[in-house]
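The block underneath contains the structure these notes are about, expressed in structure tokens.
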């Protein structure tokens with residue numbers, strides 16, 4: 001993919017964001033701080049992003065008239081998550097700049113297309129097989145079981161579309177679990193990946209401009225709980241050579257896919273130090289939220305710079321930092337417990353000079369719902385991690 005380089009879009013112009021969640025909110029805040037106007041397009045409002053933007057449009061992404069009117073009022077349009085349907089975006093390509101390009105979104109929002117792109121581009125990844133959708137349940141079941149046997153056990157079965165935070169996937173660790181996978185996914189389009197035994201999960205947020213300037217943030221080590229990101233640790237506790245290789249790999253992917261914007265590259269590091277690419281996210285990434293407090297340029301400002309054709313900002317780490325996701329669970333919610341949520345004790349966080357709290361403006365907490373995050377900075381990464389775990393535990397106990 002090679003796309004045309006246009007003139008810089010300077011402060012005072014209008015940035016459109018497709019999607020109204022927390023990533024759009026923080027992106028809108030960064031853009032407004034730089035002097036841009038922000039419009040949000042979100043199917044259901046009011047949204048967290050719309051709350052801090054100049055204008056919010058609420059309409060389905062497939063409403064082409066509304067989408068065209070939105071695009072015509074913007075100097076550049078980007079998106080805050082990859083589940084924006086790519087097909088309707090054809091309608092706005094001649095009305096404004098769309099960054100990253102629609103084809104980048106289309107590649108990354110479907111696991112089959114993404115895995116095939118990685119394979120064709122020669123980037124390291126886990127072995128996989130594809131099973132297409134089937135109208136006949138019996139045929140779909142047989143194809144899925146055949147795909148599992150092709151990849152081998154253990155493996156992970158994932159829906160091809162609309163998967164994040166562990167949604168739409170199931171580990172199959174032994175023969176006795178194949179039937180459960182067949183019952184759950186028969187007839188759906190899925191990707192079956194060989195299960196990777198890893199030493200740790202890491203990610204790299206990389207930015208690229210249309211002119212070809214590329215910068216990668218330091219590697220982030222990620223700890224997940226119930227498939228949802230729990231802690232992000234920077235610098236990652238991996239060998240320097242592995243960190244350098246991960247950053248170079250992310251930059252190479254950004255170049256190859258002709259990224260204009262920001263890309264989150266999720267990777268596994270094996271016990272032998274091998275790096276395997278897991279997933280790509282063509283937008284700011286949950287594991288990059290620490291950049292708001294521990295870098296001169298946050299990933300959100302970097303996205304604004306990249307899509308507007310400005311020089312990219314510095315990505316130097318100021319100090320070791322740990323980011324903690326705050327889920328709706330912190331409000332004392334429990335499965336089957338019918339009672340009003342209890343506000344977490346924010347004072348415990350706000351009393352610490354090395355802690356920064358970021359809430360996303362969501363009205364209703366739910367189990368597993370990302371409501372905010374906080375960061376802890378320290379001279380030593382292990383000290384920051386110890387404090388972060390204690391503070392997170394304190395939030396839960398406060399409820």
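No value in this document is a laboratory result; all are computed from the given coordinates. This is a predicted model, so every value here is computed, not measured. Note that we place each Cβ from the backbone using ideal geometry, even for glycine, and neighbour counts take in every protein chain shown.
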Compactness of the stretch 265-399 as Cα Rg over 2.2 N^0.38 Å, two decimals: 1.20
Projected label distance in nm at residue 103 and residue 149, using a 7 Å step from Cα toward the beta-carbon: 3.9 nm
Mean separation of Cα contacts under 8 Å, 6 or more apart, over the residue count of the stretch 14-108: relative contact order %: 29 percent
Distant alpha-carbon pairs in the stretch 231-333 (separation over 17 angstrom), percent: 60 percent
Estimated inter-spin distance, residue 73 and residue 175, nm [label 7 Å along Cα→Cβ]: 6.2 nm
Sorted peptide list for 45-51, 197-203, criterion being average Cβ within 10 angstrom, highest first: 45-51, 197-203
The chain: equivalent-ellipsoid semi-axes (sqrt of 5 x gyration tensor eigenvalues, Cα, Å): 30, 28, 23
Extension gain from residue 197 to residue 227, taking 0.36 nm per residue of separation minus the Cα-Cα distance: 9.3 nm
Ratio Rg/Rh [Cα only; Rh per Kirkwood] for the stretch 21-78: 0.95
Extension gain from residue 386 to residue 350, taking 0.36 nm per residue of separation minus the Cα-Cα distance: 11.2 nm
Computed over the chain: relative contact order in percent, which uses C-alpha pairs under 8 Å that are six or more apart: 14 percent
Ascending count of other beta-carbon atoms within 10 Å, so fewest first, for 97, 90, 366: 90, 366, 97
Whole-number D in µm²/s for the stretch 127-194 (Stokes-Einstein; Kirkwood sum over Cα pairs; 10 °C, 1.306 mPa s): 139 µm²/s
Along each principal axis, Cα extent of the stretch 76-232, largest first, Å: 51, 39, 29
298, 378 arranged by Cβ crowding within 10 Å, fewest neighbours leading: 378, 298
Residue 65 versus residue 137: modelled label distance in nm, points set 7 Å from Cα along the beta carbon direction: 4.1 nm
